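One structure is given here, and the rest of the page talks about it.
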């Protein structure tokens, strides 16, 4: 089985995909920030850094048109977007925390309503995952049931090796096809040792205990102490690989315009602002509560999955230092106490 | 969806010559929301207007665009027509395809394309127009006049003669102001008191005028048509109702030697006094600072001698609140005192001229009192120092005025004329005396003014020396005046017996604090600012407040009187209707979005923005927001451009309307 | 060359803040105090609101105490109790924001108890809070700071702030660099930067001056600014934001620090501050100003650009 | 006969924001005096320059304006006392911001045109139109309007065509 690829050949693979007219999306530097973006050249790839934004963008864009309108005289003409025009894409260098979020999102986008935009992009995208070798004290993938070498979500999974190159494991037909079509670039493994995996420095917590507490504590003074300081921006949701709320807006003029689907965040005051002026989540702690509840309770209730992969982006980027891992650890502790009390 | 009617005017051939009006009508007819479009030869003619009215009714039109001349020309016409057809007039807009299109372009293709865009833009705008009701404000038909000098008196009499109540407030014990102090007046040399006192008496006797002397404005609240003015009536210690003005108290008062301000401190008065014999009201006031009764508790002589028992030592200040609809400010002027540098002022002073140090260096007003038949010398020109008749007298012009380096750059306007008058009065009274005048240049515009000035030189033998005085000093009982005659180019030295300085006219002290109470603006000298230097010279920017006399800038008597009558006419115009109607182009605050930063209030030139408390049903304060008083708002919209959250909106020019126009292009 | 920044006073500052906080809470002088507390990650700090004297010991001051806490006193933050007198821990830069908020009728001095912090500088980014404070990691604003001892506070720990000299003035240098470019080059620079924007509005939410309850840019009747995070909408948002802060921004640079996409937003604010100083001699300071430079005027204002 | 007017490849779109009392009236006077100027300008009437929000200028560029003119009463002549003074400060600052983000200020003109200055109106409008014509279209904002984030972009020939047209 040919399952080794050198860095040079890997770059050659990507360049060949680019030349075939495929969109190759990989971490690259844009004005000083590492982001998943289409590559013009494989050499631009910055594969050793976790991008600021997650890979969900490849299926769930920041902003996409879903319809256009034109008015003339008394006529209004509507035009749908043709999803077959979406580009064939290869998403490269996706770490387990980003890749694992994609199947989690599949659940919500193919549930009662099949989101053709998401699903069509999903269909047209091949994901090349990458085992993770770097972690800091914001990472907590191991606490939410993943590992730095978890291939979940990837079509082809790479493990970086000492001295360069990657060990490759195909995870799906798409992955197999990719390897099969580029056989000449892959070689037999030859006693290479994988690089040591990342070791997230965050403590553990029991997701079941957390959920059990959440089930009982929609109203709890703890929410105030957790999130009084939340300023209500969307940074956490927008950098999150699993957050998937969106807003539909019509933008344009009296004569023509577009209906668009934009990322939205439950932290925003406007998120639940009713046309009447009423806002059921009238205070920031209630909005932040929804973030935790959605990730660790509601999504679990509905789809049996946790809506968090422990990438730690929200911890690093929260303007006011709200630390989701810390909160979950605290909840974990509270739950233990409750049990002790019950036993005594 | 709106049903917009568009009417394209040919304006004879003025428009149709360069704009293909039929094509414009056809193209515009295709715009979303347009239900009817047509063209017509003369839209403003009666048949044109009837066409418009008929179409509104038959086509059930909701909004109208008339594409014709400038809205400055016929907007009113078409809005009236639209109103007559049952639509709110503000649902009609004009597209200017004549002045801005057909008249300035020759190429028919280009002009037609442009006209289509202009009309299209107005179609988008009119869609966002809202029904605007005419704003009415009730008017209290009473007015307040602040200041009882000649300007205030004239304004009060004019308004009262028209049948409206007037409250006249004067700070001093008597009305009359500076004009009552003058000896004779230029350019006719008639006696000031002779023409002044009958007017003062008219005020006192007028059934429509309530006179509050020895009183000051304490607080002004409200807005045009609806002011609430609080007036402090200072304790007079004399009951005005009981006092008959017999004057026995003043005769008996043992304290007699208090310098009388009215006589520029040359004459003396008792502690209970009227400032001058013809005072109105002729009710004395006790000067508590100098009265033995108030200082030591003893005396009480005036009370003992007062037949009607009018003396009341226990009297206290009282506050009266008067509702008024308009305010005339006529607080007048004061003279620049050169020996006393106003605190914190940029004015540097003229210490070198010895005013206040050399007793025979006096100012113009003091000379008036010397020359006045009712003055401290009975009309004889005598030196304050030794009572001798001065044989050589020097007048110096422009003391303070027109001297940027000293802090005042304006011309005081009256000094050239009153100095000419002084030289004449002097010559009439001291036949063998010689008057010299140091001047920069003589400014004598006005009816018969220059003739008067010439007379002082040609007939009354005043010697005019063009140049400024560099120094003066006391030498024995003479005052040596050193100056230059720039016309001849020599140094001049005159040994004078008396020197009269034409000091600058300044606003009354405290003019700024009164302006702050009234919410009107003032310039750096504290003169009150008119709304427009040329077109609204008697109105303040703050609606319902008018200016009369020298509080706005230096003025002579005829100017002050004319402006007072003009201010009165403005008040009467306001009072001519029961309700004030105004175009509803005013700013409105959307309280939900307002965060109370009051940037709007900071930029509002009209003082139309107020702070308003929003409370819940229990009365708890929720927030403080801005409120725009529609009666006061000028409608410029600066507040909206300044408001960060766009929570204040100018009706008729809303963001929605403007953005719709931009997006139409 | 990287040079270390001396932050040895921060231990004494922390102790002093704790003592004062405990005193004013137990004496009932304030109902709550907004300050900084240590957080889970090594070296990190987070804003905290305390109302019990015993919680005073949680308060700290370290190079990770980056937040401008003034934002918690604005109307945008309804969660913080606004009744009674509130204590707040402020650095010099934060204090300017409070002065600005007072000038805009958002706060009253008598309702605040100001605990001033003698500050030698804080980190430019807290993505990795366990970073040593050096001339490289220091917040760019600190390189141009002249206000290390906040004046006219109710309490300031009595320590001497060490002088760190020779720090390159980062904003001034970057503004000068951009000004020297052609308009097309500047456009390209900002286009690239703004293309990263995701409209998370972190810049708006942390800004003490973005206290509007309803942001103009959230409105849709009319839509003044495209809300979509596309290049056009992003560009418009950042221009409007900079314009709305012109003459108001007090220079805390929180917008830039919190931007998850590293957009150098404070450059726009600094540029406007520079222009307003040159045009109207306006500078954000500790004095409460009755009117800002863009809601006042003089009849001699520059009009050389007007034909 | 009038001389044949030269035809240009590019006709700029100029949007003018003017106050109703001075500049609008000045433009009316140009009309009543039958002065001639290029037809590129579209006039939006405001009560006062004080009402003109900088966002409108931005919006005009975004809507495809190649040049923008803002014109009002001369200092001291404001019908509303001080609106133009406030506007003067606001735009002094705003133009610096636009310049800093890379807008060529040759496309943004400010002027005082009184009700008596029909000639000046013609001069200002003509000069700006010609200047902007020689500069070519304002591509920056137009390109921006067509651009998408990479993730939302789709392969549409229409878009490409539109892009190439600029």
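One quarter of the surface of the convex hull around the alpha-carbon atoms of the range B:4-127 equals 6.1 nm², the direction-averaged projected area. Over all distinct Cα-Cα pairs of the range A:121-258, the Kirkwood formula returns a hydrodynamic radius of 19.5 Å. For the range C:10-144, the square roots a ≥ b ≥ c of the C-alpha gyration tensor eigenvalues yield an a/c of 1.5 or more together with a/b not exceeding b/c, which makes the shape oblate. Using equal-weight Cα scatterers in the Debye expression, the normalised intensity of the range C:170-295 in log10 at q = 0.09, 0.15, 0.16 Å⁻¹ is -0.26, -0.74, -0.85. For the peptides C:277-284, B:576-583, B:557-564, the ranking by mean Cβ contacts within 10 Å, running from highest to lowest, is B:557-564, C:277-284, B:576-583. Where in the range A:32-52 does the amide nitrogen come within less than 20 Å of the point 7 Å from the Cα of residue C:173, taken along Cα to Cβ? The answer is A:32-33. With the Cα gyration tensor of chain C in hand, give its eigenvalues times 5 under a square root as the equivalent ellipsoid semi-axes, listed largest first in whole angstrom. Semi-axes from the Cα gyration tensor: 32, 23, 20 Å.
Look at C:227, C:131 and count the other Cβ atoms within 10 Å of each Cβ; fewest to most, that gives C:131, C:227. Who wins for biggest fluctuation among A:34, A:249, A:144 in a Gaussian network model of chain A, springs between alpha carbons below 10 Å? Among A:34, A:249, A:144, the largest mean-square fluctuation in the Gaussian network model of chain A belongs to A:249. Given a Förster distance of 25 Å, report the FRET efficiency between residue B:106 and residue D:74 from their Cβ-Cβ distance, rounded to the nearest 0.05. Efficiency at R0 = 25 Å is approximately 0.25. Taken as Cα centroids, the range B:449-465 and the range C:30-54 sit 85 Å apart, rounded to the nearest whole angstrom. Once both labels are positioned 7 Å from their Cα atoms along Cα-to-Cβ, the gap between residue C:52 and residue B:136 label points is 6.4 nm. Ordering A:201-207, A:155-161, A:165-171 by mean Cβ neighbour count within 10 Å, with the highest value first, yields A:155-161, A:165-171, A:201-207.
Remark: relative contact order (the range A:207-343) = 31 percent; criterion is Cα-Cα distance under 8 angstrom and separation of 6 or more residues. Site pair residue B:315 and residue C:110 shows an inter-label distance of 3.7 nm when each label is modelled 7 Å from Cα along Cα→Cβ. Any chance you could check the Cα centroid distance between the range D:73-147 and the range B:558-595 for me, in angstrom? Rounded to whole Å, the Cα centres lie 34 Å apart. Here r is the Cβ-Cβ distance between residue B:576 and residue B:524 and R0 is 45 Å; the resulting FRET efficiency, rounded to 0.05, is 0.80. Peptide B:644-652 shows a mean partner chain C-beta count of 5 within 10 Å per residue C-beta. Based on Cα atoms of the range B:338-506, Rg over Rh with Rh as the Kirkwood radius reads 0.94.
Our summary of shape: the Cα atoms of the range D:14-137 have principal axis extents of 37, 32, 19 Å, ordered from largest down, in whole angstrom. Taken along its three principal axes, the alpha carbon spread of chain B comes to 97, 71, 43 Å, from the longest extent down to the shortest. For the range A:1-102, averaging the sequence separation of C-alpha pairs within contact (under 8 Å, six or more residues apart) and dividing by the residue count gives a relative contact order of 26 percent.
Between residue B:195 and residue B:257, the simple label model (points 7 Å from Cα in the Cβ direction) yields a spacing of 3.9 nm.
Hydrodynamic radius of the range A:2-185 by the Kirkwood approach over all distinct alpha-carbon pairs: 17.6 Å. Net length available on complete extension from residue C:23 to residue C:220 is 66.0 nm, with 0.36 nm assigned per residue and the Cα-Cα distance removed.
Take each residue in C:266-272, count the other chain C-beta atoms within 10 Å of its C-beta, and the mean is 2.
Computed from the C-beta positions of residue B:26 and residue B:2 and an R0 of 22 Å, the FRET efficiency is 0.65 to the nearest 0.05. On full extension, the segment bounded by residue B:305 and residue B:265 gains 11.7 nm, given 0.36 nm per residue less the C-alpha separation. Given their separation in residues at 0.36 nm each and the Cα-Cα distance between them, residue C:75 and residue C:160 gain 27.1 nm when the chain is fully extended. Spatially, the range B:64-81 and the range A:7-30 are offset by 65 Å when compared through their Cα centroids. From the Cα gyration tensor of chain A, with a ≥ b ≥ c the square roots of its eigenvalues, which class applies: rounded if a/c is under 1.5, or else prolate if a/b is larger than b/c, or else oblate? Oblate. Taken over the range B:587-664, the ratio of Cα radius of gyration to 2.2 N^0.38 Å equals 1.16. Partner shielding of A:251-263 amounts to 5, given as the average count of beta-carbon atoms from other chains within 10 Å of each residue beta-carbon. Using the alpha carbons alone, the radius of gyration of the range B:23-77 stands to its Kirkwood radius in an Rg to Rh ratio of 0.94.
Going from the fewest other Cβ atoms within 10 Å to the most, the residues D:95, A:229, B:130 appear in the order B:130, D:95, A:229.
Working from the Cα coordinates of the protein assembly as shown, the gyration tensor eigenvalues give, after taking √(5λ), semi-axes of 73, 42, 30 Å in decreasing order. Is any residue of the range C:177-213 close enough, with backbone N under 15 Å, to a label point placed 7 angstrom from the Cα of residue A:44 along the Cα-Cβ axis, and if so, which? Label zone hits: C:192-193, C:195-196. For chain B, what does the relative contact order come out to in percent, with C-alpha contacts under 8 Å and a separation of six or more? Dividing the mean separation by the residue count of chain B yields 13 percent. Here the translational diffusion coefficient of the range D:80-166 follows from Stokes-Einstein with Rh set to the Kirkwood radius across Cα pairs; for 37 °C and 0.692 mPa s it amounts to 201 µm²/s.
Values quoted throughout were computed directly from the atomic coordinates according to the rules given, and no laboratory measurement underlies them. Fair warning: this is a prediction, and the values are worked out from it, not measured in the lab. In this analysis, Cβ positions are derived from the backbone assuming ideal geometry, glycine residues included, and neighbour counts consider all displayed protein chains.
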